[in-house]
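The values are calculated or read from the model by the stated rules, or taken from the named source; none is laboratory data. These figures come from a predicted structure and were not determined experimentally. Using ideal geometry, Cβ is built from the backbone for each residue, glycine included, and neighbour counts are taken over all protein chains shown. Keep in mind that these areas ignore ligands, DNA and RNA; they rest on the heavy atoms of the full protein, side chains included. Shrake-Rupley method; radii C 1.70, N 1.55, O 1.52, S 1.80 Å.
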Amino acid sequence: MSEPYLGLALGGGGARGASHIGVLQVFYDAGVKIDRISGTSAGSLVGAMYAATLDPYWIEERFREFMQHDLFKLFYSGKLLDGRNPETMLEKITKKINEHYMITIGLNRSYIVSREVLDTALDFLLPVKTFEELKVPLKISTTDIQDGSDHIHATGDLHEAVLRSSSIPGFFEAIRDKNSIFVDGGVTMPIPVPLLKDECQLVVAVDVTNYEFDILDDPNMVEIIRRSDIITSLMLRDRMANDADILIQPDVLGLHWSDFGKFDDLLKNGRKAASECLDTLLSRIERDNNVLYQLKQWLG
């Protein structure tokens, strides 16, 4: 069997990305070797942490340390936010902030949370600075909203690539670079399966999307537009997810991307979803490693 064989595509989802850690732990315990990783947004961070260490249990502990650290309190309380608002944006999002507030803020600024917040978090969470220090090749997707193009990072500054891929539009500060404005890679590639399809024989995708809808009760114009955009995004996610050879979809409990209070549940559900797919994955690996099967495939 030629290399690389197994590629793992980790989708975006903010706090729901904790499920990625559970999936990686099941693979680790089963001895599954991952040859390539692609990541978007939360998937880029977890993917980078794994590619740097090959240890998903270290990732879990590092996140737990972060959530107990003063850095997380700053991150979640918004002490690093521009303007020092006493009731912070992350807390407001978790409380399902109303549309009127969002429109009012959006008319006066292009973001709510500065890049300094993410910079601080990534300094703590990422154990290496560059792609060249990783133990597994990694590709990270970002989106240039000037022209709608994907930008794929695979060399150089790992911290900056994860930062750009995690910059949720309208919430976190977009990253300007010459004539480009970079935001979350999930805008164009929410589950980065296409980055692995041409170079890996088997692509496993982990989709941590929340596909649940609240019922709209007499929606206003903004709510209708927002729901329509969400549906478009979900259709793209679903299409990319189903392009994978094996799809893992943990139960993300209907959570918003900003809900950081369910780490343990999401971790457990990631493990559960991966365990349910493990026999299928191991059987596929065993089949593809079989010499007679490889010969049959080669002969057509």
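Observations
- Measuring nothing but protein heavy atoms, the accessible surface of region 200-246 at 1.4 Å probe radius is 52 percent carbon and sulfur.
- Additional length obtainable on full extension of the chain from LYS33 to ASP243, 0.36 nm per residue less Cα span: 73.5 nm
- Placing dummy labels 7 Å off each Cα toward the beta-carbon, the span from SER149 to GLU212 is 4.0 nm.
- Annotation for THR232 and ASP251: the two label points, set 7 Å from Cα along the Cα-Cβ direction, are 3.3 nm apart.
- 3J(HN,Hα) along region 21-29, derived from phi through the Karplus expression 6.51 cos²θ - 1.76 cosθ + 1.60 where θ = phi - 60°, amounts to 5, x, 4, 4, 5, 5, 4, 4, 5 Hz, with x in place of Gly and Pro.
- Per residue, region 134-277 exposes 50 Å² of accessible surface when a 1.4 Å probe is rolled over the protein heavy atoms with every protein chain present.
- Most tightly packed first, judged by the mean number of other beta-carbon atoms within 10 Å of their residues, the peptides 152-163, 10-21 read 10-21, 152-163.
- Taking the Cα centre of region 129-253 as reference, the dipole from Cβ charges on Lys and Arg (+1) and Asp and Glu (-1) amounts to some 320 debye.
- Inter-label distance for TRP58 and LYS129, nm, one decimal - labels placed 7 Å from Cα along Cα-to-Cβ: 1.8
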